[in-house]
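What follows draws every value from the coordinates through simple rules; no lab data is involved. Just so we're clear, the structure is a prediction, and the values are computed from it rather than from any experiment. Because the Cβ atoms are built from the backbone with ideal geometry, glycine has one as well, and the counts that use them run over all protein chains shown.
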């Protein structure tokens, strides 16, 4: 079972990082257009786990693994 207090601390940190990232502009950074964390997954034992997602810019030309190789 997950600790609700630990989940909230992690979400708070993620919110701060997402807010900072959304304010950055650089040609070598993928833009983040939106960040949401309102969704919750209910596990089979009844516990709730928060779900966060980000909407990022589409980057064409292969994935990161392709360019690193």
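Starting with the fewest neighbours, write out 37, 63 ranked by other beta-carbon atoms found within 10 Å of each beta-carbon.
Values: 37 15, 63 8.
By the 10 Å Cβ count, ascending, the order reads 63, 37.
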| How long are the three semi-axes of the equivalent ellipsoid for the chain, computed from the Cα gyration tensor as the root of 5 times each eigenvalue, in whole Å, largest first? | 30, 16, 11
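Can you tell me the length gained on complete extension of the stretch residue 26 to residue 9, counting 0.36 nm per residue apart and subtracting the Cα distance?
That works out to 3.2 nm of additional length.
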| query | Using the count of nearby Cβ atoms within 10 Å as a rough guide to exposure, how do 53, 21, 66 rank from fewest to most? | reply | 66, 53, 21
| task | Measure out, as a whole number of angstrom, how far apart the alpha-carbon centroids of region 16-47 and region 53-69 sit. | result | 17
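What full-extension length gain, to one decimal in nm, is calculated for residue 41 and residue 69 as 0.36 nm per residue of separation minus the Cα-Cα distance? Let's see the in-between values first.
Values: separation 28, 0.36 × 28 = 10.08 nm, distance 3.61 nm.
Length difference between fully extended and current span is 6.5 nm.
For a footprinting-style exposure proxy, rank 68, 51 by other Cβ within 10 Å, fewest first. Each step should come with its number before you reach the end.
On the way: 68 6, 51 12.
Going from sparsest to densest Cβ surroundings: 68, 51.
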